[in-house]
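Bear in mind that the values in this text are calculations on the coordinates, not laboratory data. The structure presented is a predicted model; accordingly, all values stated were derived computationally and were not measured. For neighbour counting, all protein chains shown are included, and Cβ atoms are generated from backbone atoms with ideal geometry for every residue, glycine included.
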Amino acid sequence: MNWTRDQSITLSRVCVGLFAAVLLALDAGCYWLAKWFVQTRFFQWQRGVLLMVTIYLGSVLAWLTLVRLWQLLGNLRRGEVFVDGNVRHLRAVSWCCLWAAALCLASAAYYLPFAFVAVAAAFMGLIVRIVKNVFQQAIAMKSELDLTI
C-alpha cells in the first residue's frame with residue numbers, strides 16, 4: 001500500500017489522539033496505580049507519593065508535547081513545512097523531552113529503573129533537537145532561494 005502525505009499525517013494524528021487518551025487514563029488512575037505499585041513492590045507509602053508526583057509532573061510535560069505535536073501536524077497538513085512555527089514546536093518538544101529526562105533522573109533516587117527512562121527521554125530530546133536544527137537550516141536556505149528568484 002502506498003501511503004499519501006495526507007494518510008500519513010492522519011495516522012500520526014490518530015496516534016497522538018491515542019496517546020492523549022492513554023495519558024488521560026493515566027492521569028485519572030494515578031492514585032490507584034501508585035497504590036498498587038506500592039503494595040506489589042513493598043515500598044513505603046512515601047515512595048507512592050513520590051511516584052504520583054513524578055507521574056503528574058511528567059504528565060504536564062507529556063500534554064505539552066502532545067499539543068505541540070498536534071499543532072505541528074496541523075501545519076504539515078496545511079502544507080506549511082519549512083516555517084518558523086514548526087521550529088518553535090520542535091524546540092518545545094525537545095525541551096519537554098529534556099525536562100522529562102531530568103525529572104526521571106531525579107526520580108531514579110527512589111526507584112532506579114527511572115534512570116533508563118531518563119536516558120531514553122534524553123535521547124529522544126536529542127533526536128528532536130537535531131530535526132529542529134535541520135528545519136532551521138532548511139528555512140534559512142529557503143529564504144535565500146526566495147530572494148534569488
> Got a sec? How would E80, E144 order by Cβ neighbour count within 10 Å, fewest to most?
Replying inline: E144, E80
>> Need one number: nm distance between label points at W70 and W45, each 7 Å from Cα along Cα→Cβ, rounded to one decimal.
In response: 3.6 nm
> Taking Cα centroids, how far is region 103-142 from region 1-78 in Å?
Replying inline: 16 Å
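Run the helix sum for the chain: -39,500 (n - 2.57) per DSSP H stretch of 4+ residues, divided by residue count, reported at 222 nm to the nearest 500 deg cm²/dmol. Could the numbers behind the result be given before it?
Working: 4 runs with 129 residues, N = 149.
Value at 222 nm, helices only, nearest 500: -31500 deg cm²/dmol.
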>> Using Cβ counts within 10 Å as a stand-in for footprinting exposure, how do F82, F42 rank, fewest first?
In response: F42, F82
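Arrange the following residues from fewest to most other Cβ atoms within 10 Å of their Cβ: T4, T148.
Fewest to most other Cβ atoms nearby, the residues stand as T148, T4.
Seen from all sides and averaged, what is the projected area of the convex hull of the Cα atoms in region 32-137, in nm²?
Numbers: hull surface 28.2 nm².
Its average projected convex-hull area is 7.1 nm².
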> Contour minus end-to-end for Y110 and Q7, with contour as 0.36 nm per residue of separation and end-to-end as the Cα-Cα distance?
Replying inline: 32.8 nm
> Taking the Cβ of R13 as the center, what net charge do the other residues with Cβ under 12 Å away carry, scoring Lys and Arg +1 and Asp and Glu -1?
Replying inline: 0
> Want the number for A140 to W32: 0.36 nm per residue separation, take away the alpha-carbon distance, what's left?
Replying inline: 33.9 nm
